[in-house]
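Okay, structure first, notes after.
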Amino acid sequence: MCERPVTVQLAWNDWLTDTLGHLKAAQLQRQLRPLGYQDLPVEAVAESQDVPLWLGSSVTPDLLPGNLPLTLFSSNDYLGLSAHPAVRHAAAESALRHGLGPRASPVVGGHTPQHAALQATLARLCGTETAMLFPTGFAANLACLPALGGSKDVIIFSDALNHASIIDGTRLACRAGATVQVYVHADAAHLEQLLQAAPTNKRKIVVTDSVFSMDGDLAPLVELAHLKQRFGFLLVIDEAHATLMMGQKGAGLAEALGVEEHIDLHVGTLSKAVGAQGGFIACSHAIREVLLTKSRSFVYSTAPALPIVAAVQAAIDTAEREPEHRQRLWARIQQFSRLTGLQSPSPVFPIILGSEAAALNFSQQLLQLGFYVPAIRPPTVPKGTSRLRISLSAAHSEGDVAALSRSQGLQPLAQRLLGELVAVAGTWRVPRRGHSFESGLSLAAPTYMIWGANTGVGKTLVAAGLAAAVRRSRGQLLYLKPVQSGYPQDCDSRLPATLADVQQEGAEKADELADIQPGRSYAKTLHAWHTPVGPHLAAQLEGQFVSDEKILQDTRRHLNHFHSSAGPGSIALVETAGGVSSPTPSNTVQCEAWQGLSLPAILVGDGRLGGISATLSAQDSLNLRGHTTAAVVVSEVDGLDNSSALRRHLGTSPLGHQVPVLELPALPQAPTRGSDTPAVDAALQAWLGASAAQFDSLLHLLHDSHAQRVQSPSCSVPLRPPPTPSGGPSLSTRPWAGSGDLPGRDVKARLDMQYDACASWWTQGVSAHLQPKIVQAMAHAAGRWGHVIFPESTHEPALECTRLLLQGPGKGWASRVFFSDNGSTAIEVALKMAFRKFMADNQYFLSSWQSSVDKGSSPPQLGVLGLTNAYHGDTLGTMDAVAPSPYNGIKQTPWYTARGHRSIASIYDDYIEEQMDVYHRHGAGAKEHRSVGACIIEPVMQGAGGMIIPDPAFQRSMVCVCRKKGIPVIFDEVFSGLWRLGTASAAERLGVRPDIACFAKLLTGGMIPLAVTLATAPVFAAFQNDSKLLALLHGHSYSAHATGCAAAVAAMRIYSDPEQNPNLCHPAYRDRCHQSPACSQPCGRLLELWDLKVVQKLSKQVDVVQHVVAIGTVLAITLRTEPGQQGSYGLESAKIVTRQLKQRGIYARPLGNVVYVMCTPTTSRKQCATLLDDVVSVIIN
């Protein structure tokens, strides 16, 4: 009995020893090191006896004698107020007068008038009714979340990178019954998905830091405020790293973004920019009353000491009275950014190194130079993201920041750890004005891109095996490694160069071709970083940024240079870095970044356990981005026979082409690299010998596949529209060269890329880099629902599509959405709706119709009021609803019958009523009764009629007259709607609303046909009846198909999301509001995409230009015609311009004597400027 406690004690001792050992081995053990602070809050001294604690036990006084002075880049005293004379004096005076004050909980005697006064100050600062004080900010988060959310009927949604205090608060609430869901860091879209999926009968809390302490980035508070309005959750934000630094008053990020009224609880700390200690919650009286009773960390903690309360009060007063502290802080932030190239919206600059050892080593090196920049390791940050956290303060001098940035700071340390760290970041390359869109890729020799299902699957070995096979076949080889990290120790081009016996070119000059003879074999690394981490991290660490466009441009130039004189048997290989979805240096998923080359893929599969899943996932990722896989290569491991399983699953490509799966011997073990390690050791030589036959077979297969690609009009490799230099829409031309000649004889094959300036006939809605979001939504819907009948079996994509339409273009007037398959059908549906509504409101018409039928006489007719030059579709019903035009002439539609009088003039209401009376009188003279039963117009712009803009006042008058006469109004927005003209609905520009409206082309972002007809509640009511015969009998088997609805949801979210759409006017984003002063609320319009000064210059070319229209995404130039010639769809004048534009790499289509170009609502304004410059140059010259 007496020995049991001893046994337990020994077990605890063992556990403590093991735990400390593990922490030390993992370099995660923390320690306390004394630091003596000086007059400034960023100056300190480690005394001589403590120096070994700081620099390591191996450091002795003879190596570093005396004290160690340090400049601190670790403090959260952002404004330097902790040492301000006013703050010191207030704390000292309070201590002399009150001592430390009552030492008790606030609820049992610890609350004083000084505490109450400070709470009132904090409430005033945050714009709330009241506030509460806490001993720390940590305690404040521990208080509010369990007190408000500790219940089974509450769901708490928490950002993935929230502070530990928030995480612990959610854990306590979870133990009390709450459900906690974590959303992707700063991803409002993911949060929205979770909120939509959450039970509606549960109360919800969303909690987030406003400025994230370890990354320095910002929460999307504007988006969260919008979501709050929709879902009604309680919004809690921790402004610890924003208080006194952001916002006009210093209330924080919420004030800076203008959303403070949407915040329910402002949690903050008094220990950072305030420079003291403690925490607070600013909130309503009702919330405060609950917290006073239920917050354990408030009730059971002693109130803050009175000297601290006095110091806080003085610090806030000082910050308000002396704004120069905040101005000095932001000046230091801008200085550091300018000197290092690092960017941050806050005083926190993270340098992510990855491993704990690298972070500790980096920190120690800086320490020896007199800078304290702490290493931040797990669990403070996720594993694999250990970092230095540089924290700037207004107390830093310009000299402090300069010294850290370049004199005695980052550069010497980087040379030791990384080989080289360039402190001045490279600049992103953007297209210059006047930049030509022309870009092409020669297909003279087979060209393939090597992808890996994972890291470590042997991509470079496959490239090496193919290089050896090329050498055996006496062919020529180009091997490119566009992106390489860990260079030069890791240099993948070395091995193929050795095996093909070709020259290896270094990465010093990616675009240098002068010394490389055309057609000569070589292996080259294009862009390299020294740090052996992912390229996106290496680029960030070394400050050497290279855009995706630059990498594609350099790759294309080398390929074309090689192909210019490549002989028989030549082949070019481009090896990617990492896995299929690994990030590029600019942090783009590389399977999306490489779409612009349209190269067929060699996928190196994973032969290891779990490799089947990894390979299939990689293949799916390539398929979703439009890549075509020519072959899958797998090295077997431990007899798992993954290749057999992959053959069953990858037997054919999405278009039905065979995808061969080749099996290779198990990969040789990689040797330990050293300066004298040969590129090809004995094990690799043996592996290459054992797999030679397979590589010879693969090389033969690749040549055959290439021959089929360039010789078959059906083209075995589908060519997908690739992104242009700025991510705009593009068009791939056929890979052969005109005049009926196919390549392989006298004509060299080329794949020419052109900018699609007709936006794929008015349908493209998103830039190429955003297309994968729509594709993924479509793929999910196709896999989840396939196709199901819509009546009585509706599905989530259709419901969400309906919601977005009614809250977007239909906001304020529409109550129902009718789905159809294309714009023409949507118009026919709209006409049926309008006629039914007219007849429901005018019963005499039905009576007259029935009477005429009974008498055997001609029944009354319904006509349509519209405009000349209108076009509403190609079906029988829509053709009859417009005036005569080239589209419905006798040779196109011999069944055409005009249904009404259509005209346009400058006399408005009176003229319209007169024309309607003429229509009625003409019918009476013909002994038949006629009535105008519908009015249909294309609001603002008539697209197919020649990009004509009718007088908006006339269109408004048409609507007003029809309203007065009870005639339903249809807006045909098939072309003009969904931001084509800069607004969600073109009706916004007219300032009037329809009864019915149709949308189609931009609805799915140009991915798949789908159309909708929106209607008001009274229109819907006209169809309500117990008899099915009186329903709207217009259905299609594919109505509201899930794939199309999912595409529409994704597209509309992109259009309306300022984070994804760079052209959406939004006052919360810099340079994103065209109003002066800026809007207080988002207006939902696009910014001006076309440079109006250049448009005016073009419009003054009166010899060739009649007029120019630039609105939304459309630029239309009407060319002047010959005397006596009128503008017509059949004119050829615009073809001259479009042919010249094609020579510049711009694909445009003529519309009679109108030349038009379009971009997408998300195309960058720089891309639009480049496009406009080319158009102006062609027309003027």
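The values are calculated or read from the model by the stated rules, or taken from the named source; none is laboratory data. Note that the structure is predicted; figures quoted are calculated from it, not measured. Neighbour counts run over all protein chains shown; Cβ positions are idealised from the backbone, glycine included. For accessibility, only protein heavy atoms count, side chains too; no ligands or nucleic acids. Shrake-Rupley method; radii C 1.70, N 1.55, O 1.52, S 1.80 Å.
Can you name every residue in segment 1028-1064 that is in contact with a strand residue (DSSP E or B) (Cβ under 7 Å, 6 or more places away or on another chain), farther than 30 Å from Gly877 by Cα and assigned to a loop (DSSP other than H, G, I, E, B)?
Of everything in segment 1028-1064, those that are in contact with a strand residue (DSSP E or B) (Cβ under 7 Å, 6 or more places away or on another chain), farther than 30 Å from Gly877 by Cα and assigned to a loop (DSSP other than H, G, I, E, B) turn out to be Pro1058, Asn1063.
Could you tell me which residue of segment 587-633 is modelled with the lowest pLDDT, considering only residues that are more than 22 Å from Val483 (Cβ to Cβ) and touching a strand residue (DSSP E or B) at 6+ places or on another chain (Cβ under 6 Å)?
Gly607
At negative phi, out of contact with any Ser or Thr (no Cβ under 8 Å at 6 or more places or on another chain) and modelled with pLDDT of 90 or more: does that describe Leu195? Write out each step before concluding.
Details: at negative phi: yes; out of contact with any Ser or Thr (no Cβ under 8 Å at 6 or more places or on another chain): yes; modelled with pLDDT of 90 or more: yes.
Answer is yes for this residue.
Can you name every residue in segment 254-268 that is within 30 Å of Leu40 (Cα to Cα) and open to solvent by 10 Å² or more (accessible area, probe 1.4 Å)?
Passing the criteria: Glu255, Ala256.
Looking only at segment 597-641, which residues are part of a helix (DSSP H, G or I) and in contact with a Pro (Cβ under 8 Å, 6 or more places away or on another chain)? Give the derivation first.
Step one: of segment 597-641, the residues part of a helix (DSSP H, G or I) are 597, 611-624.
Residues satisfying the conditions are Leu597, Asn623, Leu624.
Tell me whether segment 258-270 contains one or more residues that are touching an Asp or Glu at 6+ places or on another chain (Cβ under 6 Å) and of a type in the set (S, T, N, Q).
Scanning segment 258-270, I find no residue that is touching an Asp or Glu at 6+ places or on another chain (Cβ under 6 Å) and of a type in the set (S, T, N, Q), so the answer is no.
Of (1) exposed (fewer than 14 other Cβ atoms within 10 Å of the Cβ); (2) in a helix (DSSP H, G or I), Phe845 satisfies all except one. Which?
In the conditions (1) exposed (fewer than 14 other Cβ atoms within 10 Å of the Cβ); (2) in a helix (DSSP H, G or I), Phe845 misses (1) alone.
Would you pick out the residues in segment 994-1020 that are farther than 22 Å from Ser1037 by Cα and either surrounded by fewer than 24 Cβ atoms within 10 Å (Cβ to Cβ) or of a type in the set (Val, Ile, Thr) (or both)?
Ile996, Thr1016, Ala1017, Pro1018, Val1019
Quick one: which residue in Ser213, Ser158 is more than 20 Å from Glu255 (Cβ to Cβ) and among the small types (Gly, Ala, Ser)? First the steps, then the outcome.
Numbers: Ser213 fails: more than 20 Å from Glu255 (Cβ to Cβ).
Exactly one of Ser213, Ser158 is more than 20 Å from Glu255 (Cβ to Cβ) and among the small types (Gly, Ala, Ser), namely Ser158.
Please go through segment 954-973 and pick out each residue that is part of a loop (DSSP other than H, G, I, E, B) and open to solvent by less than 20 Å² (accessible area, probe 1.4 Å). Before the answer, list the steps.
Step one: list which residues in segment 954-973 are part of a loop (DSSP other than H, G, I, E, B), which gives 966-968, 973.
Residues satisfying the conditions are Ile967, Pro968, Glu973.
Which one of the conditions (1) touching a Phe, Trp or Tyr at 6+ places or on another chain (Cβ under 7 Å); (2) modelled with pLDDT of 95 or more; (3) open to solvent by 50 Å² or more (accessible area, probe 1.4 Å) does Ala120 fail to meet, given that it meets all the rest?
Every condition holds for Ala120 apart from (1).
Kindly list, by first and then second residue, each pair from a residue in segment 1105-1117 that is on the phi > 0 side of the Ramachandran plot to a residue that is in a loop (DSSP other than H, G, I, E, B), limited to pairs with Cβ atoms under 7 Å and residues at least 6 apart or on different chains.
From residues that are on the phi > 0 side of the Ramachandran plot, the pairs are Gly1112/Trp979; Gly1112/Arg980; Gly1112/Leu981; Gly1112/Gly982.
Evaluate segment 240-258: report whether one residue or more is touching a helix residue (DSSP H, G or I) at 6+ places or on another chain (Cβ under 9 Å), farther than 25 Å from Glu322 by Cβ and of a type outside the set (Gly, Ala, Ser).
The answer is no, given that none of the residues of segment 240-258 is touching a helix residue (DSSP H, G or I) at 6+ places or on another chain (Cβ under 9 Å), farther than 25 Å from Glu322 by Cβ and of a type outside the set (Gly, Ala, Ser).
Condition check ((1) open to solvent by less than 10 Å² (accessible area, probe 1.4 Å); (2) under 12 Å from Ala453 (Cα atoms)) across all residues:
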position	(1), (2)
Gly596	yes, no
Leu599	yes, no
Ser621	no, yes
Val633	yes, yes
Glu636	no, no
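Given the conditions (1) touching a residue at least 60 places away in the same chain (Cβ under 8 Å); (2) assigned to a helix (DSSP H, G or I), and given that Glu289 satisfies all but one, which numbered condition is not satisfied?
Here Glu289 clears every test but (1).
With the requirement that a residue be over 15 Å from Gly977 (Cβ atoms) and either open to solvent by less than 30 Å² (accessible area, probe 1.4 Å) or part of a helix (DSSP H, G or I) (or both), what does segment 798-818 give you?
Ala798, Leu799, Glu800, Thr802, Arg803
Would you say Val574 is assigned to a strand (DSSP E or B) and either touching a strand residue (DSSP E or B) at 6+ places or on another chain (Cβ under 8 Å) or not basic (Lys, Arg) (or both)?
Numbers: assigned to a strand (DSSP E or B): yes; either touching a strand residue (DSSP E or B) at 6+ places or on another chain (Cβ under 8 Å) or not basic (Lys, Arg) (or both): yes.
For Val574, the condition - assigned to a strand (DSSP E or B) and either touching a strand residue (DSSP E or B) at 6+ places or on another chain (Cβ under 8 Å) or not basic (Lys, Arg) (or both) - is met.
Would you kindly identify the helices (runs of 4 or more DSSP H) lying entirely within segment 305-413 that contain at least 1 residues that are open to solvent by less than 40 Å² (accessible area, probe 1.4 Å) and more than 22 Å from Asp77 (Cα to Cα)? So that I can check it myself, show each step before the final result.
Numbers: elements: 306-321, 324-340, 356-368, 398-402.
In segment 305-413, 324-340, 356-368 are the helices (runs of 4 or more DSSP H) which contain 1 or more residues that are open to solvent by less than 40 Å² (accessible area, probe 1.4 Å) and more than 22 Å from Asp77 (Cα to Cα).
Quick one: would you say Asp951 is acidic (Asp, Glu), modelled with pLDDT of 80 or more, more than 30 Å from Leu846 (Cβ to Cβ) and surrounded by fewer than 18 Cβ atoms within 10 Å (Cβ to Cβ)?
Details: acidic (Asp, Glu): yes; modelled with pLDDT of 80 or more: yes; more than 30 Å from Leu846 (Cβ to Cβ): yes; surrounded by fewer than 18 Cβ atoms within 10 Å (Cβ to Cβ): yes.
Answer is yes for this residue.
May I ask you to verify whether Asp676 is open to solvent by 50 Å² or more (accessible area, probe 1.4 Å), closer than 18 Å to Val457 by Cα and modelled with pLDDT under 85? Show your work before the answer.
Details: open to solvent by 50 Å² or more (accessible area, probe 1.4 Å): yes; closer than 18 Å to Val457 by Cα: no; modelled with pLDDT under 85: yes.
No; evaluated as a whole, the condition is false for this residue.
Identify all residues within segment 317-340 that are among the acidic types (Asp, Glu) and touching a residue at least 60 places away in the same chain (Cβ under 8 Å); write none if there are none.
Within segment 317-340, the subset among the acidic types (Asp, Glu) is 317, 320, 322, 324.
The answer is Asp317, Glu320.
Looking at segment 1110-1123, which of the residues that are crowded, with 16+ Cβ neighbours inside 10 Å, farther than 18 Å from Asp1173 by Cβ and touching a strand residue (DSSP E or B) at 6+ places or on another chain (Cβ under 9 Å) is modelled with the highest pLDDT? Working first, answer last.
Taking segment 1110-1123 as the starting set, the residues that turn out to be crowded, with 16+ Cβ neighbours inside 10 Å are 1110-1120.
Still in the list and also farther than 18 Å from Asp1173 by Cβ: 1111-1112, 1118-1120.
Now restrict to residues that are touching a strand residue (DSSP E or B) at 6+ places or on another chain (Cβ under 9 Å): 1112, 1118-1120.
Details: Gly1112: 92, Thr1118: 88, Leu1119: 86, Arg1120: 82.
The qualifying residue modelled with the highest pLDDT is Gly1112.
Phe231 passes all but one of (1) among the aromatic types (Phe, Trp, Tyr); (2) crowded, with 22+ Cβ neighbours inside 10 Å; (3) farther than 19 Å from Ala147 by Cα; which number fails?
Against the list (1) among the aromatic types (Phe, Trp, Tyr); (2) crowded, with 22+ Cβ neighbours inside 10 Å; (3) farther than 19 Å from Ala147 by Cα, Phe231 comes up short only on (2).
Might you check whether a residue that is open to solvent by 70 Å² or more (accessible area, probe 1.4 Å), of a type outside the set (A, V, I, L, M, F, W, C), within 48 Å of the chain's Cα centre (by Cα) and modelled with pLDDT of 80 or more occurs anywhere in segment 81-99?
yes
Please find, within segment 526-581, the residue that is modelled with the highest pLDDT out of those that are crowded, with 24+ Cβ neighbours inside 10 Å and among the polar types (S, T, N, Q).
By that ranking, first place goes to Thr555.
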